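Colleague: To start, I am sharing the structure in question, which I have written as C-alpha coordinates.
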Amino acid sequence: MDYSSRSQSTTGQGISFWLNAFALAAVCGSLLEALYWQIFFNELPCPLCQLQRVALTLAGIGMMLNVRFGASPVHYAIILASALGGAAASGRQILLHIAPGDTGYGSTLFGLHFYTWGFISFVVMMVFCAVMLCVDRNQLSEPRVQLSSPPQLNKRIATVLIGLFFLITAANLISAIMVCQFGSCPDNPTEYLWKLWP
(Lines give C-alpha, C1' and ligand atoms only; values in the text may rest on other atoms or scores of the structure.)
Protein backbone atom coordinates (compact mmCIF):
# COMPACT_ATOMS: atom_id res chain seq x y z
CA MET A 1 0.00 0.00 0.00
CA ASP A 2 1.47 3.36 -0.96
CA TYR A 3 1.56 6.42 1.27
CA SER A 4 -1.34 8.24 -0.46
CA SER A 5 -3.79 5.36 -0.04
CA ARG A 6 -2.61 4.88 3.55
CA SER A 7 -3.24 8.55 4.32
CA GLN A 8 -6.68 8.44 2.69
CA SER A 9 -7.63 5.32 4.65
CA THR A 10 -6.49 6.86 7.92
CA THR A 11 -8.57 9.97 7.20
CA GLY A 12 -11.56 7.76 6.43
CA GLN A 13 -11.09 5.96 9.72
CA GLY A 14 -11.12 9.31 11.55
CA ILE A 15 -14.36 10.44 9.90
CA SER A 16 -15.93 7.04 10.55
CA PHE A 17 -14.93 7.13 14.22
CA TRP A 18 -16.38 10.60 14.83
CA LEU A 19 -19.65 9.94 12.97
CA ASN A 20 -20.18 6.65 14.79
CA ALA A 21 -19.24 8.26 18.11
CA PHE A 22 -21.76 11.06 17.49
CA ALA A 23 -24.44 8.48 16.59
CA LEU A 24 -23.69 6.47 19.75
CA ALA A 25 -23.92 9.67 21.83
CA ALA A 26 -27.32 10.39 20.22
CA VAL A 27 -28.54 6.89 21.14
CA CYS A 28 -27.33 7.41 24.72
CA GLY A 29 -29.15 10.75 24.79
CA SER A 30 -32.39 9.20 23.55
CA LEU A 31 -32.28 6.40 26.13
CA LEU A 32 -31.43 8.90 28.89
CA GLU A 33 -34.36 11.09 27.84
CA ALA A 34 -36.72 8.11 28.05
CA LEU A 35 -35.40 7.20 31.51
CA TYR A 36 -35.70 10.82 32.65
CA TRP A 37 -39.37 10.99 31.71
CA GLN A 38 -39.99 7.60 33.27
CA ILE A 39 -38.38 8.51 36.61
CA PHE A 40 -39.43 12.15 37.02
CA PHE A 41 -42.81 12.16 35.24
CA ASN A 42 -43.86 8.55 35.93
CA GLU A 43 -44.12 7.80 32.19
CA LEU A 44 -43.86 4.02 32.42
CA PRO A 45 -43.03 2.35 29.09
CA CYS A 46 -45.65 0.16 27.41
CA PRO A 47 -44.61 -3.11 25.68
CA LEU A 48 -44.08 -1.38 22.31
CA CYS A 49 -42.04 1.32 24.08
CA GLN A 50 -39.89 -1.42 25.61
CA LEU A 51 -39.31 -2.92 22.16
CA GLN A 52 -38.20 0.47 20.85
CA ARG A 53 -35.75 0.82 23.73
CA VAL A 54 -34.37 -2.64 22.97
CA ALA A 55 -33.99 -1.70 19.29
CA LEU A 56 -32.18 1.53 20.24
CA THR A 57 -29.86 -0.44 22.51
CA LEU A 58 -29.09 -3.02 19.81
CA ALA A 59 -28.39 -0.25 17.30
CA GLY A 60 -26.11 1.34 19.90
CA ILE A 61 -24.20 -1.96 20.14
CA GLY A 62 -23.46 -1.79 16.41
CA MET A 63 -22.24 1.81 16.75
CA MET A 64 -20.20 0.90 19.82
CA LEU A 65 -18.48 -1.90 17.90
CA ASN A 66 -17.63 0.54 15.11
CA VAL A 67 -16.17 2.99 17.63
CA ARG A 68 -14.18 0.32 19.46
CA PHE A 69 -13.03 -2.00 16.66
CA GLY A 70 -13.45 0.05 13.48
CA ALA A 71 -16.09 0.00 10.76
CA SER A 72 -17.41 -3.36 9.61
CA PRO A 73 -20.34 -4.40 7.38
CA VAL A 74 -21.48 -6.73 10.18
CA HIS A 75 -21.67 -3.81 12.61
CA TYR A 76 -23.73 -1.80 10.12
CA ALA A 77 -25.95 -4.85 9.59
CA ILE A 78 -26.63 -4.92 13.34
CA ILE A 79 -27.60 -1.23 13.25
CA LEU A 80 -29.79 -1.69 10.17
CA ALA A 81 -31.60 -4.78 11.49
CA SER A 82 -32.20 -3.02 14.81
CA ALA A 83 -33.51 0.09 13.06
CA LEU A 84 -35.90 -2.01 10.97
CA GLY A 85 -37.24 -3.71 14.11
CA GLY A 86 -37.54 -0.41 15.95
CA ALA A 87 -39.30 1.24 13.01
CA ALA A 88 -41.78 -1.65 12.89
CA ALA A 89 -42.53 -1.30 16.63
CA SER A 90 -42.83 2.50 16.57
CA GLY A 91 -44.80 2.43 13.30
CA ARG A 92 -47.22 -0.04 14.87
CA GLN A 93 -47.68 2.27 17.85
CA ILE A 94 -48.28 5.27 15.59
CA LEU A 95 -50.97 3.34 13.71
CA LEU A 96 -52.64 2.31 16.99
CA HIS A 97 -53.18 5.99 17.86
CA ILE A 98 -53.82 7.47 14.42
CA ALA A 99 -57.62 7.58 14.71
CA PRO A 100 -59.26 11.04 14.99
CA GLY A 101 -59.77 12.03 18.61
CA ASP A 102 -57.08 9.65 19.90
CA THR A 103 -54.70 11.67 22.05
CA GLY A 104 -51.98 9.02 21.83
CA TYR A 105 -49.96 7.31 24.55
CA GLY A 106 -47.87 9.32 26.96
CA SER A 107 -46.55 12.85 26.79
CA THR A 108 -45.29 14.79 23.80
CA LEU A 109 -41.95 16.44 23.11
CA PHE A 110 -42.07 19.40 20.71
CA GLY A 111 -45.57 18.33 19.69
CA LEU A 112 -44.72 14.71 18.84
CA HIS A 113 -45.10 11.59 20.96
CA PHE A 114 -41.96 9.65 21.86
CA TYR A 115 -42.89 6.76 19.56
CA THR A 116 -43.15 9.20 16.65
CA TRP A 117 -39.69 10.52 17.50
CA GLY A 118 -38.61 6.89 17.72
CA PHE A 119 -39.84 6.19 14.19
CA ILE A 120 -38.01 9.26 12.88
CA SER A 121 -34.85 8.16 14.70
CA PHE A 122 -34.96 4.66 13.23
CA VAL A 123 -35.43 6.02 9.70
CA VAL A 124 -32.45 8.33 10.29
CA MET A 125 -30.43 5.29 11.41
CA MET A 126 -31.20 3.50 8.15
CA VAL A 127 -30.04 6.55 6.19
CA PHE A 128 -26.97 6.70 8.47
CA CYS A 129 -26.07 3.10 7.56
CA ALA A 130 -26.42 3.82 3.84
CA VAL A 131 -24.23 6.94 4.09
CA MET A 132 -21.63 5.27 6.30
CA LEU A 133 -21.29 2.27 4.02
CA CYS A 134 -20.39 4.77 1.29
CA VAL A 135 -18.03 6.74 3.55
CA ASP A 136 -16.29 3.55 4.71
CA ARG A 137 -16.26 1.80 1.32
CA ASN A 138 -12.46 1.97 0.90
CA GLN A 139 -11.77 0.91 4.45
CA LEU A 140 -14.24 -1.99 4.24
CA SER A 141 -12.76 -3.30 0.98
CA GLU A 142 -9.18 -3.38 2.31
CA PRO A 143 -7.72 -6.09 4.53
CA ARG A 144 -8.14 -5.22 8.21
CA VAL A 145 -4.68 -3.91 9.08
CA GLN A 146 -3.97 -1.69 12.06
CA LEU A 147 -2.35 1.29 10.34
CA SER A 148 -1.50 3.20 13.49
CA SER A 149 -2.69 3.43 17.04
CA PRO A 150 -5.74 5.72 17.43
CA PRO A 151 -5.12 9.15 18.96
CA GLN A 152 -5.32 9.37 22.74
CA LEU A 153 -8.36 11.66 22.51
CA ASN A 154 -10.24 9.06 20.45
CA LYS A 155 -9.44 6.38 23.03
CA ARG A 156 -10.71 8.53 25.87
CA ILE A 157 -13.90 9.49 24.06
CA ALA A 158 -14.53 5.85 23.12
CA THR A 159 -14.01 4.74 26.74
CA VAL A 160 -16.39 7.39 28.11
CA LEU A 161 -19.07 6.69 25.49
CA ILE A 162 -18.90 2.92 25.89
CA GLY A 163 -18.98 3.21 29.69
CA LEU A 164 -22.00 5.55 29.52
CA PHE A 165 -23.74 3.23 27.07
CA PHE A 166 -23.24 0.23 29.38
CA LEU A 167 -24.57 2.19 32.38
CA ILE A 168 -27.68 3.30 30.48
CA THR A 169 -28.24 -0.23 29.18
CA ALA A 170 -28.03 -1.61 32.73
CA ALA A 171 -30.46 1.06 33.96
CA ASN A 172 -32.92 0.17 31.18
CA LEU A 173 -32.64 -3.52 32.02
CA ILE A 174 -33.45 -2.82 35.68
CA SER A 175 -36.29 -0.54 34.57
CA ALA A 176 -37.76 -3.25 32.32
CA ILE A 177 -37.65 -5.81 35.16
CA MET A 178 -39.32 -3.33 37.52
CA VAL A 179 -42.12 -2.61 35.03
CA CYS A 180 -42.67 -6.16 33.73
CA GLN A 181 -41.04 -8.40 36.34
CA PHE A 182 -40.17 -11.62 34.49
CA GLY A 183 -43.46 -12.04 32.62
CA SER A 184 -45.55 -10.19 30.06
CA CYS A 185 -45.47 -6.41 30.27
CA PRO A 186 -48.80 -4.74 31.12
CA ASP A 187 -50.45 -3.01 28.15
CA ASN A 188 -50.86 0.26 30.01
CA PRO A 189 -48.55 0.22 33.04
CA THR A 190 -49.44 2.60 35.86
CA GLU A 191 -47.13 1.26 38.58
CA TYR A 192 -44.01 -0.84 38.97
CA LEU A 193 -44.73 -4.56 39.43
CA TRP A 194 -41.40 -5.03 41.22
CA LYS A 195 -40.18 -2.27 43.49
CA LEU A 196 -36.68 -1.80 44.87
CA TRP A 197 -38.22 0.18 47.72
CA PRO A 198 -41.38 -0.34 49.85
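Colleague: Could you report region 19-68's accessible area per residue, 1.4 Å probe, as an integer in Å²?
Modeller: 41
Colleague: Something else now. How many angstrom lie between the Cα centre of region 24-69 and the Cα centre of region 72-138?
Modeller: Comparing the Cα centres of region 24-69 and region 72-138, I get a distance of 12 Å.
Colleague: Using the heavy atoms of the protein chains alone and a 1.4 angstrom probe, what is the accessible area of region 88-129 per residue in square angstrom? Don't skip to the answer; put the middle values down first.
Modeller: Numbers: 2420 Å² over 42 residues.
About 58 Å² of surface per residue is accessible.
Colleague: For region 54-119, which whole percent of the accessible surface, found with a 1.4 angstrom probe, sits on carbon and sulfur atoms?
Modeller: On region 54-119, the fraction of accessible area on carbon and sulfur atoms equals 74 percent.
The values are calculated or read from the model by the stated rules, or taken from the named source; none is laboratory data. This structure is a prediction, so every number in the text was calculated from the model and none was measured. What goes into the accessible areas is simple: the full protein's heavy atoms, side chains included, and nothing from ligands, DNA or RNA. Shrake-Rupley method; radii C 1.70, N 1.55, O 1.52, S 1.80 Å.
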